[in-house]
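Worksheet for the structure shown next.
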Amino acid sequence: MNGALYDKEIQCPVCKNIFHTKKVRSSAVRVERRDTDFCVYYNGENPIFYGVFVCPNCGYASLESVFQEISPLGKKNISTKLSPKWIQRDFGNERNVYKAIEAYKLALLSGQLINQKKGILATICLRLAWLYRYIDGEREIDFIEHAVNCFEEAFRYEPLPIGNLDEVSLVYLLGELNRRLKKYDEAIDWFNRAVSNRAIKRKRKLDAMAREQWSLAKEEYKKQKNQNESV
Ligand SMILES: [Zn+2]
């Protein structure tokens with residue numbers, strides 16, 4: 001038995017099946033460090049691994065925070081388009097990074113089928129990028145790209161915040177994700193918007209990070225330009 005984990009009982013909103021999924025006790029969560037795109041590294045159990053619930057019976061999967069939020073049409077789409085092809089699998093045990101990746105991909109599939117908000121899809125993609133980063137997986141960058149597309153749409157058309165991401169944090173994050181994609185002009189533009197946003201004055205750490213990553217993006221942009229000119 002892993003004492004850091006406990007079982008949570010869930011009822012699936014689609015098929016009404018009752019199942020169990022593991023969660024990390026909050027007293028057992030030990031943050032080691034964070035990357036500049038908010039990716040967290042933990043000593044011991046990683047709560048991100050357990051952030052998606054998967055119904056073993058019908059295949060519906062979603063982020064914990066929105067698992068019960070599904071429209072009648074969404075339920076219909078899951079039971080007609082996903083469940084018939086679903087091979088019963090259980091995600092209720094301890095998860096390693098590979099099992100977590102599988103769970104998040106299922107959440108992405110369900111999310112697309114039920115037309116979930118772009119902000120939710122973006123969050124799933126960002127976490128998939130982090131999961132791949134933990135194992136130095138090449139697909140990290142693909143999922144950062146998907147995350148950027150979805151976050152940009154969410155920024156334009158959806159109410160904020162997205163989970164813990166308020167407006168200024170999201171603007172900063174879009175700067176940092178574009179920088180990681182080597183889209184330096186766009187990154188600089190987003191960082192500009194972040195540092196000139198009034199709300200950032202109340203977040204000293206974010207303000208400092210935005211200025212640091214902003215000047216890094218400017219340096220990288222110059223380097224890229226010089227390289228292109230010398231070719
Ligand atoms: Zn179900």
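The values are calculated or read from the model by the stated rules, or taken from the named source; none is laboratory data. The shown structure was predicted, so the numbers you read here are calculated from the model rather than taken from an experiment. With ideal geometry, Cβ positions are generated from the backbone for all residues, glycine too; neighbour counts draw on all protein chains shown. When the accessible area is computed, the model is the full protein with side chains, heavy atoms only, and any ligands, DNA or RNA have been set aside. Shrake-Rupley method; radii C 1.70, N 1.55, O 1.52, S 1.80 Å.
Fully extending the segment from TYR98 to ILE141 would add 13.8 nm, taking 0.36 nm per residue of separation and subtracting the current Cα-Cα distance. Pairs of C-alpha atoms in the chain farther apart than 23 Å represent 54 percent of all such pairs. Count the net charge of all other residues whose Cβ sits under 13 Å from the Cβ of ASN149, scoring Lys and Arg as +1 and Asp and Glu as -1. Taking every other residue near ASN149 into account, the sum is -2. The stretch between LYS222 and SER79, if pulled fully straight at 0.36 nm per residue, gains 46.3 nm over its current Cα-Cα span.
Within the listed set VAL148, VAL52, VAL97, the residue fluctuating most in the Gaussian network model of the chain (springs between alpha-carbon atoms under 10 angstrom) is VAL97.
Between GLU9 and ASP185, what is the label-to-label distance in nm when each label sits 7 Å out along the Cα-to-Cβ direction? In this crude label model, GLU9 to ASP185 measures out at 5.8 nm.
The loop-placed trypsin sites (Lys or Arg not before Pro) in the range 1-103, going by DSSP, that have at most 15 neighbouring Cβ atoms within 10 Å of their Cβ come out as LYS16, ARG25, ARG89. The residues of the range 5-137 present an accessible area of 48 Å² per residue when probed at 1.4 Å with all protein chains retained.
Measuring between their Cα centroids, the range 135-164 and the range 45-61 lie 19 Å from each other. Summary value for the chain: 13 percent relative contact order, contacts being C-alpha pairs under 8 angstrom separated by 6+ residues. For the chain, CYS39, CYS125, CYS150 stand unpaired, since no other cysteine beta carbon lies under 4.7 Å from theirs. As a length-normalised measure over Cα pairs under 8 Å and 6 or more apart, the relative contact order of the range 5-137 settles at 23 percent.
Rounded to two decimals, the Cα-based Rg/Rh of the range 5-137, with Kirkwood Rh, is 0.96. Here the accessible area is traced with a 1.4 Å probe on the protein chains. For the range 5-137, carbon and sulfur cover 48 percent of it. Between the alpha-carbon centres of the range 183-220 and the range 71-94 there is a gap of 41 Å. Across the range 28-99, the relative contact order, built from alpha-carbon pairs under 8 Å that are at least six residues apart, equals 26 percent. What you get for the chain, charging only the Cβ of Lys and Arg (+1) and of Asp and Glu (-1), is a dipole of about 360 debye around the Cα centre. Once you place label points 7 Å from the Cα toward the Cβ at GLU32 and GLU158, how far apart are they in nm? About 3.0 nm separates the two model spin labels.
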